[in-house]
Amino acid sequence: MAIRLDYLARETGTNLVRNWLLSIATVLIVAVSLTMLGITVLLGYYGLDNAFVRFNNDVSFIVYMEHDATQDQIDAIGTELDQSPQVDSYEYYDHAKSYELFKKIFSEDESTLQNNISAEDLPTSYMVKPKNPDAAVVKELADTYAPEPGVYKVDFPSDEVRAIQNVALKIRNWMLLAVIALLAASVVLIFIAIQTAVFSRRREIEVMRLVGATNWFIRIPFLIEGLIQGLVGALIAVAAAWLMGLGWRGTGDSMESDSILSKFVWTSSQQTGTFLFILVVGVVVGVVGAFVSTMWYLRENQN
């Protein structure tokens with residue numbers, strides 16, 4: 001049985017208008033859950049990773065070399081790290097690699113950096129992961145490299161920075177759990193909304209069955225209804241997340257440049273990807289809720 005577009009538009013519109021209060025409630029909970037999802041991804045994943053990118057993968061301290069350090073001096077530090085029984089692993093960052101890391105840390109000012117700073121302007125360095133992560137042991141080990149020839153300075157995160165990182169990770173995980181719970185609630189609410197729409201049109205559905213309409217013919221208008229609810233909620237979430245992101249960046253600009261919170265930033269491509277992800281999740285939530293609802297009704301009332 002062919003499906004006409006005007007039929008789909010009319011049936012979907014009728015369902016949405018007839019249950020407008022439930023539709024609004026569904027859209028709002030989808031919007032809230034997806035807004036939280038967007039903020040969690042932007043701040044909790046991209047922002048957190050960018051803020052602590054230098055100390056990811058259990059890197060505990062960094063040995064920065066002088067800009068004019070000789071190759072022998074650079075190699076000597078590498079040899080000492082190789083021979084140290086307290087060093088688990090390390091990675092050498094040459095000028096090019098240091099520049100890529102620098103651009104990632106200061107991603108918001110990437111165009112300015114490219115015009116004013118070159119790879120040769122940045123020092124080479126060693127990212128070091130000790131075997132013992134204890135702060136006192138790490139500091140003692142790091143201090144042994146500070147006076148070496150060719151070493152500019154040794155940098156390691158303070159206890160306060162590590163505490164901020166740990167708290168941020170816990171907040172991110174709790175927010176993710178809250179998002180999952182809200183998305184599940186969104187699916188349930190869409191399920192209920194579609195069930196209400198299906199039940200209110202049960203006589204029409206029975207007539208359609210009598211004249212040979214397939215389950216898919218009956219189901220599609222309700223699937224589109226769920227899709228619209230999920231998509232509208234996702235669009236609201238994208239707008240809300242964008243506005244919150246602007247507010248966060250404005251707050252970050254007013255902070256001191258060395259504040260760790262000012263480093264919680266993300267690139268425009270990461271933001272675009274997150275917004276597209278939100279739209280996809282919204283559509284999936286809407287369609288899944290509607291599909292399960294119509295499948296359950298049609299199965300329970302197949303005779």
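All of (1) modelled with pLDDT under 75; (2) not in a loop (DSSP other than H, G, I, E, B) hold for V59 with one exception: (2). Taking the conditions exactly as written (in contact with a helix residue (DSSP H, G or I) (Cβ under 6 Å, 6 or more places away or on another chain), modelled with pLDDT of 85 or more, in a helix (DSSP H, G or I) and β-branched (V, I, T)), does V179 satisfy them or not? So V179 passes the test. If the condition is being among the polar types (S, T, N, Q) and within 30 Å of W248 (Cβ to Cβ), then the range 261-299 contributes S262, T267, S268, S269, Q270, Q271, T272, T274. Would you check if F191 is within 21 Å of L22 (Cα to Cα), within 37 Å of the chain's Cα centre (by Cα) and of a type in the set (F, W, Y)? When the stated conditions are applied, F191 passes them. Close Cβ contacts (under 7 Å, 6 or more residues apart or on different chains) running from residues in the range 127-152 that are over 16 Å from S89 (Cα atoms) to residues that are at pLDDT below 85 and part of a helix (DSSP H, G or I) comprise A135/D159. Of all residues assigned to the range 207-228, none qualifies as being among the acidic types (D, E) and without any contact (Cβ under 8 Å) to a residue 12 or more places away in the chain. Comparison of V238, V167 shows that the only residue that is modelled with pLDDT of 85 or more, under 24 Å from the mean Cα position of the chain (by Cα), closer than 17 Å to L43 by Cα and among the aliphatic types (A, V, I, L, M) is V238. Looking only at the range 71-102, residues that are in a strand (DSSP E or B), acidic (D, E) and within 19 Å of E148 (Cβ to Cβ) come to 1 in all.
For the range 1-44, a residue qualifies if it is modelled with pLDDT of 80 or more and either in contact with a strand residue (DSSP E or B) (Cβ under 6 Å, 6 or more places away or on another chain) or farther than 15 Å from L189 by Cα (or both), and the qualifying residues are T35, M36, L37, G38, I39, T40, V41, L42, L43, G44. Restricting attention to the range 79-116, and to residues there that are aliphatic (A, V, I, L, M) and at pLDDT 75 or above, which single residue is nearest to F264 (Cα to Cα)? Checked the range 79-116; the qualifying residue nearest to F264 (Cα to Cα) is L101.
The values are calculated or read from the model by the stated rules, or taken from the named source; none is laboratory data. If you're wondering where the values come from, they're calculated on a predicted model, not measured in any experiment. We place every Cβ from the backbone using ideal geometry, glycine too, and count neighbours over all the protein chains shown.
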